[in-house]
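Some notes on the structure that comes next.
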């Protein structure tokens, strides 16, 4: 397989995962994207503040979920307002659980974990009981009753997706470029004006293809930002922060970090097909 095509496979993976992250940051994947506007000359970078101390969390996740995590109250407010259509939803005091599924047709679906009677229920959602709470899904989507406890430590919004999950196998097998990366798990953290992404391999050691693809993506993104003249205000913030991003490889993990917030992360993933028009899922 040509090296160039292998590098493109990393970008393709980000396009696919944009569905799950845009749901997490902005609500349903059916929500319309903001209309492009002329980017200002320079957008203010997100304010970097002291991160709150991390807390240990336990989340009972449906076993078929390929992704799981939490939305901090500030990030949940925008997501829930879009998802339910109610702009007056109160901000919860605690983070809200998040799970993402790959359906039998290869589409993405999302569920939020919140108390029964919670505003995330909305008028067109379904409660799947989980103790004193519900996994809230869209009305026509059904998940199983079996749950698996996931433990993690986080101070803000947090999300992990596993391409090693059995439910993701058919999706990966149908996409040879994605499979060539030998990628096992991706984790995002968004807190205190900073976005971090970690990539871990299926095996104990990172493949050269995955490492090269990650460096190539960052180089291409920085070089292309000057030519990408139309962007939302969120996109402008992303481009201003990108040159200060860091990308490092340590042991079996690729780590990427930049100043930003949940909306910037979702926008950057959604915009991949515009930044790089030769990418097609």
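The values are calculated or read from the model by the stated rules, or taken from the named source; none is laboratory data. Nothing here was measured: the structure is a model prediction, and the numbers come from that model. Heads up, the Cβs are rebuilt from the backbone with ideal geometry, glycines too, and the neighbour counts pull from every protein chain shown.
In the list 255, 215, which residue meets the criterion of being more than 18 Å from the chain's Cα centre (by Cα) and at pLDDT 85 or above?
Working: 255 fails: more than 18 Å from the chain's Cα centre (by Cα).
From the options 255, 215, the qualifying one is 215.
Quick check on region 129-177: of everything there that is over 28 Å from residue 116 (Cβ atoms), touching a residue at least 24 places away in the same chain (Cβ under 8 Å) and touching a helix residue (DSSP H, G or I) at 6+ places or on another chain (Cβ under 6 Å), which residue is surrounded by the fewest Cβ atoms within 10 Å (Cβ to Cβ)?
177
Scan region 223-235 and tell me whether some residue there is closer than 22 Å to residue 71 by Cβ, touching a strand residue (DSSP E or B) at 6+ places or on another chain (Cβ under 7 Å) and modelled with pLDDT under 90.
no
Taking residue 100 as the residue in question, decide whether it is out of contact with any strand residue (DSSP E or B) (no Cβ under 6 Å at 6 or more places or on another chain) and over 25 Å from residue 204 (Cα atoms). Show your work before the answer.
Details: out of contact with any strand residue (DSSP E or B) (no Cβ under 6 Å at 6 or more places or on another chain): no; over 25 Å from residue 204 (Cα atoms): yes.
It is false that residue 100 is out of contact with any strand residue (DSSP E or B) (no Cβ under 6 Å at 6 or more places or on another chain) and over 25 Å from residue 204 (Cα atoms).
Which one of the conditions (1) at pLDDT below 85; (2) closer than 18 Å to residue 187 by Cα; (3) in a loop (DSSP other than H, G, I, E, B) does residue 106 fail to meet, given that it meets all the rest?
(2)
So which pairs qualify, if the first residue must be in region 192-204 and on the phi < 0 side of the Ramachandran plot, the second must be outside any strand (DSSP E or B) and crowded, with 20+ Cβ neighbours inside 10 Å, the Cβ gap must be under 6 Å, and the two must be at least 6 apart or on different chains?
195/260; 195/265
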